[in-house]
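Only one structure is covered here, and it is reproduced in the block below.
The values are calculated or read from the model by the stated rules, or taken from the named source; none is laboratory data. All figures in this text were calculated on a predicted structure; none of them were measured in a lab. Cβ sites come from the backbone with ideal geometry, for glycine too, and all protein chains shown count toward neighbours.
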Amino acid sequence: MSALGIIFPDQLSKNNKVYEILKSSDDLLLYEPIESFYKHNHHKQKLVFLLASLRNLKKPLSAKFNIIHEKIKPKKTTFIGTYLKELFLKKDYEEIFVTKPGDYETLSELMFFAQSHGKLLHILEDTKFISHADDFKSWSDGKKSLVQEFYYRWLRKKKFIFCNIKKQFFTWWSRNFKTQEFQ
């Protein structure tokens, strides 16, 4: 059973779950031309940094997986669905593994491709964040107003972030934060 893993430029981390699930005989697609690069304005330095990082990651990963690298082309948009159709004509994969993309358009296009071609799509949680959408959903149920500061307080208590510091610090911090004037 052959599988394809997909890594986007904004998903470069050593603990990406796609690396753990793929076998050495599986293919790993390093996909540069994300649609949001073309549709939304980005800092050029950020794009160069992301693409250079992805290209530097190719060599260490090639020891573990069969690498397929789709590079970005100037003034030519290649949608992920279109590229996957071409790729699946060459080799028929049964499963696709991807870390949840940062933008909804890429996610919806991947889901549409998998459903229309009868392939299993495994969307893995992104390990770069301490919170997930389910956390926010469970916290926000039944609330009339959603204040981000209250969510972060709840999240710190849940994940025990800053909980080893003495209670005096929290009292001092919250008192100073509430009385602070912003100019």
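Does the stretch 68-86 include one or more residues that are surrounded by fewer than 18 Cβ atoms within 10 Å (Cβ to Cβ), more than 24 Å from THR127 (Cβ to Cβ) and among the acidic types (Asp, Glu)?
Yes, some residue in the stretch 68-86 is surrounded by fewer than 18 Cβ atoms within 10 Å (Cβ to Cβ), more than 24 Å from THR127 (Cβ to Cβ) and among the acidic types (Asp, Glu).
Taking only the stretch 1-28 into account, find how many residues are assigned to a strand (DSSP E or B) and of a type in the set (S, T, N, Q).
Final tally of qualifying residues: 0.
Before we move on, is GLY118 surrounded by 12 or more Cβ atoms within 10 Å (Cβ to Cβ) and either more than 16 Å from SER13 (Cβ to Cβ) or in contact (Cβ under 8 Å) with a residue 40 or more places away in the chain (or both)?
no
May I ask you to list the residues in the stretch 29-51 that are in a helix (DSSP H, G or I) and among the acidic types (Asp, Glu)?
Once the filter is applied, which keeps residues that are in a helix (DSSP H, G or I) and among the acidic types (Asp, Glu), the stretch 29-51 yields only GLU35.
Run SER36 past the list (1) within 22 Å of LYS90 (Cα to Cα); (2) modelled with pLDDT under 90 and report the number of the one that doesn't hold.
(1)
Take PHE150 and tell me if it is assigned by TED's automatic domain parsing to the domain that holds GLU35 and either surrounded by 12 or more Cβ atoms within 10 Å (Cβ to Cβ) or more than 21 Å from LEU12 (Cβ to Cβ) (or both).
no
Go through (1) of a type in the set (A, V, I, L, M); (2) exposed (fewer than 14 other Cβ atoms within 10 Å of the Cβ); (3) touching a residue at least 12 places away in the same chain (Cβ under 8 Å) one by one and return the number of the condition ILE96 breaks.
(2)
For the stretch 18-59, which positions are without any contact (Cβ under 8 Å) to a residue 24 or more places away in the chain and β-branched (Val, Ile, Thr)?
Listed by number, the list holds a single entry, VAL48.
Within the bounds of the stretch 108-115, is there any residue that is closer than 24 Å to LYS14 by Cα and of a type in the set (D, E, K, R)?
no
Answer yes or no as to whether TYR19 is surrounded by 13 or more Cβ atoms within 10 Å (Cβ to Cβ) and under 20 Å from PHE79 (Cβ atoms).
No: the conditions fail for TYR19.
Does ILE80 satisfy being under 16 Å from ALA3 (Cα atoms) and touching a residue at least 40 places away in the same chain (Cβ under 8 Å)?
For ILE80, the condition - under 16 Å from ALA3 (Cα atoms) and touching a residue at least 40 places away in the same chain (Cβ under 8 Å) - is not met.
For the stretch 99-183, give me every one of the helices (runs of 4 or more DSSP H) that falls completely inside it and has 3 or more residues that are among the polar types (S, T, N, Q) and at pLDDT below 80.
Because the criterion is at least 3 residues that are among the polar types (S, T, N, Q) and at pLDDT below 80, the helices (runs of 4 or more DSSP H) in the stretch 99-183 that meet it are 167-179.
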